[in-house]
Amino acid sequence: MAINLRGRNFLTLRDFAKREIEFLLDLSADLKAKKRARLWNPLLKGRNVALLFEKSSTRTRCAFTVAADDEGAHAEFLGKNDIHFGGKEDTKDTARVLGRMFDGIQFRGFKHSTVEELAKYAGVPVWNGLTDDYHPTQILADMLTIRERFGTLAGKKLVFMGDTRNNMGNSLMIGCAKLGLHYVACGHSSLFPREDLVRECNEIIAESGSGGSVSATSDPAEAVRGADVIYTDVWYSMGEEDKAAARKALLSPYQVNMELMKSTGNPGTIFMHCLPAFKGNEVTEDVFESTNSLVFEEAENRLHTIKAVMVATIGDI
Ligand code: CP
Ligand code: NVA
């Protein structure tokens, strides 16, 4: 079914209905197949997109850049020291200037309120490439990767180990609620998901009838039993470097190692990580390099899914 997302912002998955997210996944799969077949029919011809970064990035930056180029658009990287933003020009004015020149704006940075303010004033679609609270484009890539492996999403059990209230934990929980997966957050109770977000996800599940669930536990053995996906992320995110030692002490019992992978009782359990990984902390090298690890498929899918977001919101479809 054709779904019209033209002109929409992409700030969190809570703003999108299940069928809209599924449409983006289907479009990603189509664009991936098209690229593999080297079928060039540019869908973003003549567009200019601004890539605004307050924090570092490998995958997100490269995905937006290559996706834009593949589809005939120009992407302009604007790092935190390149323009007046964050210095003598405020967010509201930066948004209105960029919105007069670009067809879409990607923002990666600290406060989620910054991406919301950009979206409020830009007058063109704004895409969230990660804030302290959410990382929605990553979830599209993750869901595409899970769907490619298992053929379906609804009913799958995804366990997120570690710092379960970080941007990845928040966004995976929303994505699972929307798409009907069983989401289990497993970590120290002081780092459990925000109660308001858990409530919101339960409302999403009840209203949409997605069949998903969300829960939290501090018991790794209980959490991973029967898991289809074990997912982890760094124990301290960008901007939290001062918490490194404290987090290591709190989260060491939640490391994803071979023993934990085996204790699912499911030989088909896959390992996922948004990357970059701190091997030896949240995941061991052997799990990371194992045949059940889909981390590089996941990384590649950032390209196809980010392309779908741009094509759907500003492209010729
Ligand atoms: N997963 C992810 O967003 O990677 P980067 O920080 O390299 O963009
Ligand atoms: N939680 C991590 C994700 C990086 C893609 C961070 O924000 O640093």
Against the definition (buried (at least 24 other Cβ atoms within 10 Å of the Cβ) and touching a residue at least 24 places away in the same chain (Cβ under 8 Å)), how does residue 104 come out, yes or no? yes
Say whether the condition of being within 16 Å of ligand 1 (Cβ to nearest atom) and not in a strand (DSSP E or B) is met by at least one residue in the range 76-99. yes
Scan the range 50-75 for residues that are more than 16 Å from ligand 1 (Cβ to nearest atom) and in contact with a helix residue (DSSP H, G or I) (Cβ under 6 Å, 6 or more places away or on another chain) and report the count. 1
Failed criterion for residue 134 (all others in (1) within 13 Å of ligand 2 (Cβ to nearest atom); (2) among the hydroxyl-bearing types (Ser, Thr, Tyr); (3) assigned to a helix (DSSP H, G or I) hold): (3)
Anything in the range 260-317 that is aromatic (Phe, Trp, Tyr), outside any loop (DSSP other than H, G, I, E, B) and out of contact with any strand residue (DSSP E or B) (no Cβ under 8 Å at 6 or more places or on another chain)? List them, or say none. 296
One residue from 37, 33, 63 being of a type in the set (A, V, I, L, M, F, W, C) and crowded, with 18+ Cβ neighbours inside 10 Å: 63
Scan the range 158-193 residue by residue and report those that are in a helix (DSSP H, G or I), more than 14 Å from the chain's Cα centre (by Cα) and surrounded by fewer than 24 Cβ atoms within 10 Å (Cβ to Cβ). 189, 190, 191
Identify, from the list 114, 131, the residue that is away from ligand 1 (no atom under 16 Å from the Cβ), in contact with a helix residue (DSSP H, G or I) (Cβ under 9 Å, 6 or more places away or on another chain) and not hydrophobic (A, V, I, L, M, F, W, C). 114
Any hit, the range 39-62, residues being in contact (Cβ under 8 Å) with a residue 12 or more places away in the chain, more than 16 Å from ligand 2 (Cβ to nearest atom), of a type outside the set (Gly, Ala, Ser) and assigned to a helix (DSSP H, G or I): no
When you check residue 116 against the structure, is it touching a residue at least 60 places away in the same chain (Cβ under 8 Å), within 18 Å of the chain's Cα centre (by Cα) and surrounded by fewer than 23 Cβ atoms within 10 Å (Cβ to Cβ), yes or no? yes
Could you please find all residues in the range 135-174 being within 16 Å of ligand 1 (Cβ to nearest atom) and out of contact with any strand residue (DSSP E or B) (no Cβ under 8 Å at 6 or more places or on another chain)? 138, 139, 140, 141, 143, 144, 163, 166, 167, 170, 171
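Read-outs throughout are calculated quantities, based only on the coordinates presented, and are distinct from any laboratory measurement. None of these values were measured; they are calculated from a predicted model. Cβ sites come from the backbone with ideal geometry, for glycine too, and all protein chains shown count toward neighbours.
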